[in-house]
Amino acid sequence: MAFNHADAHPGHSGTTFDVTVGIDGRVKLGQWTQIQLHVHAGDAAFDGSWRVVVSDGDGFKVTYSSDAEHVLVAPFQQSIESMLVRVGRAPWRVDIEVLEQESVVYSKAVSVGSGMQTIRATDYWIMQVGSKTSVNQLAIRRLVAENEQITDVYVTSLEDVQQLPIHPRALDGIDVIVLGTSDKSQLESMTESQVSALVNWVSQGGQIVLSAARNAEFLVSSGNPLHALIPGTIEDTHDQWIATGLENYIKARETISSLRIAGRTSPMLELSDVVGHVEAMDGVGDTGQIPVLIFSRFGFGKVAFAAVDFDLEPFANWDDTQRLLHQMIAGEQSGRANSEVFSDQARGAHAGFDDLSGQLRSELDHFENVSPIRFSWIASLLILFILLIGPVDYFVLKRLNRLQLSWLTFTTLVVVFSIVPLLMHSSLHSSPTSIRQIEVVDYDIPSGQMRGTNWAMLYAPEASAVDVDLQIHDDSRPTEQIIGWHGLPGTGLGGMSRRSYQKLLDHEYQANPVNGELRSFPIPHGGTRYIQSRWSRQQPSDVRFELKPDRSRIGIRGTIHNPFDFQLRDVLVYYRGRLYPVKMLEPDGVIDLDDLAGDSVSIEGYFTRVRVEGGRSRARPWSTGDESIVRLMQAMMFHKAVGGKSYTG
């Protein structure tokens, strides 16, 4: 359960406070965590503010605030305030303070333990909401056992839907949500903010396994935003049906019972105008077949939809229901090696500098005109120092018969080897405070959803505290934006799961993530700090695509239109494993793919830069640490298509 204080503390006006941290008592390192403050005003109005203090991934204390930090609650009324923070270190501690007239009237420290649990950035997290059919945690662990990037698997069963966050970014640490809709009372108890956050999370790249039949029409008639996740138009629900399609899909060990119990049996939902890939079809009565298992896209996210209710009969007691859920979690590519499937899905599961996320971090850490002191240089100096003060000093002085001068030579060597690093540092090139950044903008044309993700590395030649603002250079304001420090997963040097670490500065800074602000952000002497930001907005467009499959050459034909008022360069049109390279596309320009048919190439051939040597073709191997930032981003965007971790490691 979530952390709710039983010892609610009264303020000066008789106001009491409770605090909720995380989801179901769980906090994932390096991901946005929702903190909720429950305010119950007494016989006088409460007029105050609140703040949250927690350490970041490098051990610096961060004071979080938001535009809604001012709290005004009328007498005998209550209010729930929320704030997003990032927890950076395990074991972690979150300090919450409530102020009234500049005085602290309530404070609470919440830490791991006391019902709270830490989920590492490299853990795979599945959350079940409103579903009584449990996901087998041990079975999922076996599926991901060969994936070195995933440390462990956690399955959270959220019995109280009131614990759902009201901000979509608070769900980013979850890899898959399994949502059941058979319980109408739970659907009705979800607030509009919670439902909107869930739908927004899916549209921004989340993955959901959704089963809906009995209450599907209720979702539509009540205007519940969840109905948008249903990949088609509801035509009817059927009480009598057969499920051989599901049995064949899962290669069931037993057939689904044909017993129907009024009020306890799942109907089957019939959809028309289905959007997505139909994995299984089932019959209704003696005639007709309807899609029963559909994998579809919703914005940037994925929906695995079942047109039945898994927690009703006959699925509730069907031995293969869990296996069906596991395949839906794995998605359309469940035929691949399971470890690869879950590696592709685990957005937060990266182990360090050898994976793509770590390689991007290392590449951004290279600044022009900055020559860092390399570890090999320091190690060489130490070895030379030990040799000089040890055997060399002894044998030279012994040969000269001047062993009594050892105290003088030792002191001289200490002074010399203290000056040498200073001279090295002063002679090396440095630059003023600088930033290197790269941004990926995704645009889903059908939904009009635009999303930007920015990774930035800050460098300072001296110990500094800088102000950082997220600025979108566009006439339209984003509907959502957020900025924060970005940590390194794993237990390696500097990793968030590493219990011991060294903080180079004793400094606190302020963050207003949803307003895009970091104030007095510390950068150590000659060091760097990593930041990540995201923004999104709706961007309707007049894009004109006239595309259709070309079965004669296993490709695509038609025209592509540039809807923007700026030129597009080095465009890659991707379709089913083939790339059509477009060097330049002018504003409002149109290009015919038939003109590029001769230049089309498989994505493996294009990306790996196949070279011909001695009449034989050989793919260019991936070189960790030597790849350009452009190839890194291409590998991140087309990771599955170029071979996944079997190519990039």
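Couple of notes before you dig in:
- Residue order for Glu439, Glu480, Glu517 - accessible surface, 1.4 angstrom probe, largest first: Glu439, Glu517, Glu480
- Residues in segment 65-97 that a label on His38 would reach, taking backbone N under 14 Å of a point 7 Å out along Cα→Cβ: 78-82
- Extension gain, Thr433 back to Gln510 (0.36 nm per residue minus Cα-Cα distance, nm): 25.8 nm
- Counting 0.36 nm for each residue step from Glu517 to Glu192 and taking away their Cα separation leaves a gain of 114.2 nm.
- Each of Met268, Phe521, Val135 was scored by the projection of its Cα onto the charge dipole of the chain, and the greatest displacement toward the positive side belongs to Phe521; charges sit on the C-beta of Lys, Arg, Asp and Glu.
- Span-rule helices in the chain, defined as complete DSSP H runs reaching 27 Å or more along the axis (Cα) with Kyte mean at least -1.0: 406-427
- Rounded D (µm²/s) - segment 57-174, Kirkwood Rh over Cα pairs, Stokes-Einstein at 37 °C, 0.692 mPa s: 187
- Rough spin-label spacing in nm, given labels placed 7 Å along Cα→Cβ, for Tyr394 and Ser418: 2.5
- Computed extension length for Asp594-Glu480: 37.1 nm, one decimal, from 0.36 nm per residue of separation with the Cα-Cα distance subtracted.
- Shown in residue order for segment 522-535 are the 3J(HN,Hα) couplings computed by the Karplus curve 6.51 cos²θ - 1.76 cosθ + 1.60 at θ = phi - 60°: x, 10, x, 4, x, x, 9, 9, 9, 10, 10, 9, 9, 8 Hz (x for Gly and Pro).
- Ordering of 531-540, 270-279, 394-403 by packing is 531-540, 270-279, 394-403, highest average first (other Cβ atoms within 10 Å, averaged per residue).
- Loop-located trypsin sites (Lys or Arg not before Pro) in segment 221-260, at most 11 other Cβ atoms within 10 Å (DSSP): Lys251, Arg253
- Placing R0 at 51 angstrom, the Cβ-Cβ distance between Ser107 and Asp542 gives a FRET efficiency of 0.40 after rounding to 0.05.
- Distance between the modelled labels on His561 and Ile80, one decimal in nanometres: 4.4 nm (7 Å Cα→Cβ projection).
- Against the set [x] 47.5; [y] 29.7; [z] 40.3, the structure's computed mean projected area of the Cα convex hull in nm² falls on [z].
- Over the chain, Cα pairs under 8 Å with separation of 6+ residues give a relative contact order of 11 percent.
- Each label was represented as a point 7 Å from its Cα along the Cα-to-Cβ direction; for Ser362 and Ser222 these points are 5.2 nm apart.
- Amide H contacts for Met281 (H built 1.01 Å from N in the peptide plane; partners 5 or more residues away or on another chain; cut-off under 5 Å): Val292.
- Count of Lys pairs (Cα-Cα under 28 Å; at least 8 positions apart or interchain) in the chain: 22
- In this calculation the C-beta distance from His473 to Asn401 is compared with R0 = 51 Å, giving a FRET efficiency of 0.10.
- Carbon + sulfur, % of accessible area of the chain - ligands and nucleic acids excluded, 1.4 Å: 51
- Here segment 218-233 is scanned for amide nitrogen atoms under 13 Å from the site 7 Å beyond the Cα of Val275 along Cα-to-Cβ, giving 227-233.
- Using just its DSSP H runs of length 4 or more, each adding -39500 (n - 2.57), the chain gives a mean residue ellipticity at 222 nm of -5500 deg cm²/dmol after division by all residues.
- For the chain, the Cβ-based charge dipole about the Cα centre amounts to some 2980 debye (Lys, Arg positive; Asp, Glu negative; other atoms uncharged).
The values are calculated or read from the model by the stated rules, or taken from the named source; none is laboratory data. Since we're looking at a predicted model, the values are computed, not measured. We place every Cβ from the backbone using ideal geometry, glycine too, and count neighbours over all the protein chains shown. The accessibility values were calculated without ligands, DNA or RNA, using every heavy atom of the protein model including side chains. Shrake-Rupley method; radii C 1.70, N 1.55, O 1.52, S 1.80 Å.
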